[in-house]
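What follows is calculated from the coordinates using simple rules that are stated; it is not laboratory data. These numbers come from a predicted model, not from an experiment. Glycine gets a Cβ as well: all are built from the backbone with ideal geometry, and neighbour counts include every protein chain shown.
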Amino acid sequence: MTDEPLARFDRAAAAAAAAVVAGVRPDQLDNPTPCTDWTVRQVLNHLVGGTRMFLALQTGGPPVDRSADFLGDDPAAAFNDGVADLRDAFAEEGALDRIVAAPFGPQPGRALVAMRVNEMLLHAWDVARATGQPTDLAPDLAAPAIEQFRAMRASGRGAGMFADPQPAPEGASPMDQLAAAAGRTVV
């Protein structure tokens, strides 16, 4: 079994999302984000709630109420705790090959890893943009994520989850290209 999916997960969690989440000041939680109609707090709650949902999928745990508040008073700790728990579940023997009931039908655990990587990257970009932080977070992970977004769209999955792809400006960073591929307006 290769640890490449887990290495990408670790990189997305640490270099992108955790750094951005830690950089959010309390007075920025109500800032609007490029993720239409969501504030920084709502994007972070979606990200942590999604991590908890994927943990339940991976471990066969009970369904997660996505409308719950997953952040409490410490969004960074909530994010880091959720990521650590999910990382532990993905690292279990055979977990990456085990078929689980994923949002898009039965998938091996490694597909869930890829989905979490993509979501951490995209929403870290959203939060970074909304809070004035650098957005070129993990450029080495952007190209595979872009291809996975394109493949998802080509298969007809994800309808309504993302806006239509947008053009990326000339010379856009890899992360800005990812954001545009996921329907964000990049200027």
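Points to keep in mind about this one:
- Comparing PHE54, PHE162, PHE90 in a Gaussian network model of the chain (Cα springs below 10 Å), the most mobile by mean-square fluctuation is PHE162.
- Listed residue (SER155, VAL48, ALA22) projecting farthest to the positive dipole end of the chain, Cβ model: SER155
- Within a Gaussian network of the chain (alpha carbon springs, distance under 10 Å), most fluctuating of ALA114, ALA154, ALA91: ALA154
- Exposure proxy for LEU71, LEU178: other Cβ atoms within 10 Å of each Cβ, ordered fewest to most, give LEU71, LEU178.
- Percent of Cα pairs exceeding the 25 Å cut-off, where the set is the chain: 30 percent
- Of the DSSP H helices in the chain, those whose Cα atoms cover at least 20 Å axially and whose Kyte score averages 0.0 or more: 40-59, 75-91, 109-131
- What you get for segment 4-135, charging only the Cβ of Lys and Arg (+1) and of Asp and Glu (-1), is a dipole of about 340 debye around the Cα centre.
- Sparse-neighbourhood loop sites, trypsin sites (Lys or Arg not before Pro) in segment 1-76 - DSSP loop, at most 14 other Cβ within 10 angstrom: ARG66
- For a label point 7 Å along the Cα-to-beta-carbon line of GLN166, residues of segment 9-34 with backbone N under 18 Å: 31-34
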